[in-house]
Amino acid sequence: METSENYGPGLGERLGAAEVPAIATRALRTAVMAVTEVRSDRPSMELSTPLKREDAFLVSFLLRDFFQRKLWEDGRQTPVCDVRAGQVTINDLNRAPVALLDQPHHGMFFYIPRGALNSIADDADAPRIGDLNHKPVGIDDPTFSSLARALLPALRRPDQVSPLFLDHVVFAVGVHVAQIYGGMRPLARPPRGGLASWQVSRAKEILSANLEGNVPLMEVARQCGLSVSHFSRAFRRTMGVAPHSWLMARRVEVAKEKLRDRRLSLSDVALACGFADQSHLTRVFSQLVGVSPGAWRRALERQPNAVG
């Protein structure tokens, strides 16, 4: 697949930022989706370099207020407006948007090609998406805000986040945009069944064999003979949780087994179970179990039969 200049370093250069954390995912076979964090504390006070025209959208989530934003599309200025931190804006890259960078700015930019939206619609047996319904103003979107903020730690500490999680969240962003702004409607009759027993076994086998989470969601779905969206829905229906959540729970179960071996340090347990380091293990273990792994191990020593 071809890469685009409208995410990652190419986008950062156009918006006056030298170093930009970025994530690109191929959760969909037909298109790349990406998110780039752009921050500039020393604005150029000039117009941004025009973004390259292509059949894609740039959905922005602001992390800092931008007052009296001045934006041009196809050479025409849009209404001047304030865009607040936590709001979303949408730009059609076919219209070559240009902004006046006259103040510090900080935001997350989601690159979503039309091909990705069409692939999502195809998977949902919905009509393909034309244009996105939006106006050149800041939009309050709590769901988008939650998904975007979930990716911030991944942009800043990519070593602590699995590709499976990234695929899941970026894909969820694409589905949300397709539904809310593209008018995609869910199936009139949602699929009744979940995964077949062989698909459950295969998915568990793949995920358990890759506790570090390096296997892409697309590959797990392919092994089960399903598209990403169908697999995600069926997995959740069958297992009650998303694939990434199941993987986290499985990591914790394996960690419990490892913690019974006193020869292993907490760091050893963390690495053996696919966590980035001991602090990552402690954070996830505490969230799911209610106590830290160290406290769980001590309780096990005091009452071997009382800890689950």
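The values are calculated or read from the model by the stated rules, or taken from the named source; none is laboratory data. Keep in mind the model is a prediction, meaning the values are calculated, not measured. Because the Cβ atoms are built from the backbone with ideal geometry, glycine has one as well, and the counts that use them run over all protein chains shown. Note: areas computed on protein heavy atoms with side chains; ligands, DNA, RNA excluded. Shrake-Rupley method; radii C 1.70, N 1.55, O 1.52, S 1.80 Å.
What the table shows:
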read-out	value
Residue count, region 162-185 (criterion: under 12 Å from the mean Cα position of the chain (by Cα) and part of a helix (DSSP H, G or I))	14
Entirely in region 207-296, the helices (runs of 4 or more DSSP H) that have 3 or more residues that are among the small types (G, A, S) and surrounded by 17 or more Cβ atoms within 10 Å (Cβ to Cβ)	228-239
Within region 9-38, tally of residues that are in contact with a strand residue (DSSP E or B) (Cβ under 7 Å, 6 or more places away or on another chain), free of Cβ contacts under 8 Å to residues at least 24 places away in the same chain and open to solvent by 90 Å² or more (accessible area, probe 1.4 Å)	0
Members of region 148-161 that are over 11 Å from the mean Cα position of the chain (by Cα) and not in a helix (DSSP H, G or I)	R157
Residues (surrounded by fewer than 17 Cβ atoms within 10 Å (Cβ to Cβ) and part of a loop (DSSP other than H, G, I, E, B)) located in region 39-53	D41, R42, P43, S44, M45, T49, P50, K52, R53
Unique match (being charged (D, E, K, R), farther than 27 Å from E19 by Cβ and without any contact (Cβ under 8 Å) to a residue 24 or more places away in the chain) among R128, R114	R128
Boolean, G75 is out of contact with any helix residue (DSSP H, G or I) (no Cβ under 6 Å at 6 or more places or on another chain), of a type outside the set (D, E, K, R), more than 20 Å from M184 (Cβ to Cβ) and surrounded by 14 or more Cβ atoms within 10 Å (Cβ to Cβ)	no
